[in-house]
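Just so it is clear, none of the values below were taken in a lab; they were calculated from the coordinates. As the structure is a prediction and not an experimental result, all values here were calculated from the model. Neighbour counts run over all protein chains shown; Cβ positions are idealised from the backbone, glycine included.
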Amino acid sequence: MRAVIGAEKAEFFADRDVVKALADKGYTVKAETSGSWAMEGQDLTGFDLAFPSSQAPADELAAKYKARQSLPVPFHSPLVVVAHRDAAEVLADNGLAVFDKNRGTLKMAA
């Protein structure tokens, strides 16, 4: 199986236990890395699997290649933002984040 994956997944697909588990199911995965948004611009002819890092590029690829089923989400990638207090206050004042004394949460929908 030939796969194009986000670079953050390379270690996973190279892991000895993962390679063995896939082999036990009859799969040998040859993974090539790409930026998630760059995948949309690539010619993916000959690839069996495209595995970008987040939902938005996955949705774009699904639309481009007319995927008919809902896409699985096997990984969750939390987003971490580090900001000085002044920047955090600007985000909070504009309804884009909430924060307490030492940490905050971005309002992704906003």
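With contacts defined as alpha carbon pairs under 8 Å and 6 or more residues apart, what's the relative contact order of the chain in percent?
Numbers: 108 pairs, mean separation 24.8, N = 110.
Reported relative contact order: 23 percent.
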Margin query: Take Glu32 and Glu8, extend 7 Å from each Cα along the Cα→Cβ direction, and tell me the distance between the two endpoints in nm.
Written below: 2.3
Notebook entry, point to check: For Lys9, which lysines qualify as cross-link partners when the Cα separation must be under 21 Å and same-chain residues fewer than eight apart are set aside?
Noted result: Lys20, Lys25, Lys30
Notebook entry, point to check: Given only helices, namely DSSP H runs of n ≥ 4 each adding -39500 (n - 2.57), what is the per-residue ellipticity at 222 nm of the chain, to the nearest 500 deg cm²/dmol?
Noted result: -8000 deg cm²/dmol
Next item on the list: Kindly state, to the nearest 0.05, the FRET efficiency for Val82 paired with Met1, given R0 = 41 Å and r defined as their beta-carbon distance.
Entry: 0.65
Notebook entry, point to check: Amide H to amide H, which residues 5 or more places from Ala97 or on other chains are under 5 Å from it, using H placed in the peptide plane?
Noted result: Ala92, Lys107
Next item on the list: State the antiparallel share, in %, of DSSP beta bridges confined to the chain, rounding to the nearest 5.
Entry: 25
Next item on the list: Within region 1-55, list the trypsin sites (Lys or Arg not before Pro) lying in a DSSP loop whose Cβ has at most 11 other Cβ atoms in a 10 Å radius.
Entry: Lys25
Notebook entry, point to check: Can you give the Kirkwood hydrodynamic radius for the chain, in Å, rounded to one decimal and based on Cα pairs?
Noted result: 16.6
